[in-house]
Amino acid sequence: MLVVMKAHATPEQVSAVCNKIEALGYRAHSIPGAERTAIGITGNKGEVEPGTLEEMPGVQEVIPVTKSYKLVSRDMKAENTVISFPGTAATFGGPGLAIVAGPCAIESREQAFAVAERVHRSGAQFFRGGAYKPRTSPYSFQGLGEEGLRIMSEVRDQFGMKIVTEAIDHESLDLVEKYADVIQIGARNMQNFSLLKRAGRSRKPVLLKRGMSATLEEFLMAAEYVMSEGNYKVILCERGVRTFADHTRNTLDLSLIPAVQRLSHLPILVDPSHGTGKRNKVTPLSRASVAVGADGLLIEVHCDPDKALSDGMQSLYPDQFDELMSQVRQIAAVVNRTVPAIGEHARVPANRGVSSSLRAAQP
Ligand code: PEP
Ligand code: MN
């Protein structure tokens, strides 16, 4: 059920409707839009009797929501959600693309700072790195834990990039919430409903990756779990799904981007690193991701990928990331998006034409 308020409804009228919904034993989610505020009702088993709400001052209409997801849907909020970070120009869902880059895992202070310095210089506004790694083998590197989070907060102090890092359980989420700017929930946990609810009780934005075999509806329902607890700052991320194809690690499903954008107001990123698992495919699919309308990219970068403790095969060298950025800057312009430049370094050299750059051989 969705209560659509009139364009000029007062804040008092909005809270009166929310109070009424809560008094009926349901949960009210008031989401302001550009034109009007909509109030989603959750916690109802069946139909909510619309009569009482419809008569309240400031109410335009009460509409039943037939889809299983409510708060993520464009019925709830017609315009795109933009998640911003005070004091910076970085956003998820704004006209500027969000570029999240860094190593798969934080391995040491030296390693993190070496990558951070390079990705910052190339224009990334968000630094990623795992402190808690969900590894297929229990004998593989599991991450530095809280020490890794401390290193990332030093990276933020030094370079001003916002920190994105994964929480794998309730315990790590408590710590990630304390140190990071964005909480990542990984593919393997997309349907860990208790973790999703815990993330929904946080005030920090949540970057939710698509499960490796999740349908569009399952993906949106996972986001709904987070939002149903009151955290409306959810960023979706396509990272490839498991298919019969074996020329890549996963099959990057770029058709998900317009499909999500049709149904949901939430920003959606693409992660071509996990999406392909192969370094030489990351840049071409980054270009394609921007062209298809993604709100940003998540890219793994390492200064010495052969020695990386995880995901070296898909990690770009810093120079390749720099080239990727200059290429996506050109594609972004075509789809009316921008890639924020940082200082002198991030400027596209004047002599680099679109065609020559796009033709550049991929290592
Ligand atoms: C990661 O971002 O390093 C990661 C583990 O991603 P995913 O959950 O998509 O596999
Ligand atoms: Mn990884």
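The values are calculated or read from the model by the stated rules, or taken from the named source; none is laboratory data. As the structure is a prediction and not an experimental result, all values here were calculated from the model. As a convention, Cβ positions derive from the backbone with ideal geometry for all residues, glycine included, and neighbour counts pool all protein chains shown. What goes into the accessible areas is simple: the full protein's heavy atoms, side chains included, and nothing from ligands, DNA or RNA. Shrake-Rupley method; radii C 1.70, N 1.55, O 1.52, S 1.80 Å.
Which value, in debye to the nearest 20, describes the size of the charge dipole of the chain about its Cα centre when Lys and Arg Cβ atoms bear +1, Asp and Glu Cβ atoms bear -1, and nothing else is charged?
Around 580 debye, computed over the chain.
At a probe radius of 1.4 angstrom, the accessible area of the chain per residue rounds to 42 square angstrom. All C-alpha pair distances within region 216-334, sorted into 10 Å bins from zero, spread as 14, 40, 32, 13, 0 percent across the bins. Note: relative contact order over region 227-338, using C-alpha pairs below 8 Å and six or more positions apart, is 22 percent.
Of the peptides 86-93, 294-301, the ranking by mean beta-carbon count within 10 Å, highest at the top, reads 294-301, 86-93.
Here the contact order of the chain, divided by its residue count and restricted to Cα pairs under 8 Å and six or more residues apart, works out to 15 percent. Of the trypsin sites (Lys or Arg not before Pro) found in region 1-72, those that fall in a DSSP loop while having at most 10 other beta-carbon atoms within 10 Å are LYS45. Of the solvent-accessible surface of region 2-63, computed with a 1.4 Å probe over protein heavy atoms with every protein chain present, carbon and sulfur atoms account for 50 percent.
Reducing region 244-323 and region 106-167 to their Cα centroids gives an inter-centroid distance of 18 Å.
Take the residue pairs LYS67/LYS162; LYS162/LYS209; LYS70/LYS204; LYS162/LYS197; LYS162/LYS307 and return only those whose Cα atoms are more than 29 Å apart. Check vs 29 Å cut-off fails for LYS67/LYS162. Charges on Cβ only, +1 for Lys and Arg, -1 for Asp and Glu, centred on the Cα centroid of region 2-63; of LEU53, GLY43, ILE21, which one is farthest towards the dipole's positive end? With unit charges placed on the Cβ atoms, the residue in question is GLY43. Between the beta carbons of ARG109 and LYS45, assuming R0 = 51 Å, the FRET efficiency works out to 0.45 to the nearest 0.05.
Toward the positive end of the charge dipole of the chain, with +1 on the Cβ of Lys and Arg and -1 on the Cβ of Asp and Glu, the farthest Cα among SER286, ALA199, THR91 is that of SER286. Sorting 146-153, 266-273 by their mean Cβ neighbour count within 10 Å, with the most densely packed peptide first, gives 266-273, 146-153.
Take the Cα of ARG135, step 7 Å toward its Cβ, do the same at ASN336, and the gap between the two points is 4.7 nm. Taking N as the number of residues in region 2-63, what value does Rg over Cα atoms divided by 2.2 N^0.38 Å take? This ratio for region 2-63 stands at 0.99. Normalised Debye scattering of the chain at q = 0.15 Å⁻¹ gives log10 I(q)/I(0) of -1.25, counting only Cα atoms as equal scatterers and leaving out solvent. Computing FRET efficiency as 1/(1 + (r/R0)^6) for SER153 and ARG203, where r is the C-beta to C-beta distance and R0 is 22 Å, gives about 0.80. Shown in residue order for region 72-79 are the 3J(HN,Hα) couplings computed by the Karplus curve 6.51 cos²θ - 1.76 cosθ + 1.60 at θ = phi - 60°: 7, 7, 5, 5, 6, 8, 6, 8 Hz (x for Gly and Pro). Overall, region 14-122 carries a charge dipole of about 320 debye about its Cα centre when +1 sits on the Cβ of Lys and Arg and -1 on the Cβ of Asp and Glu, all other atoms neutral.
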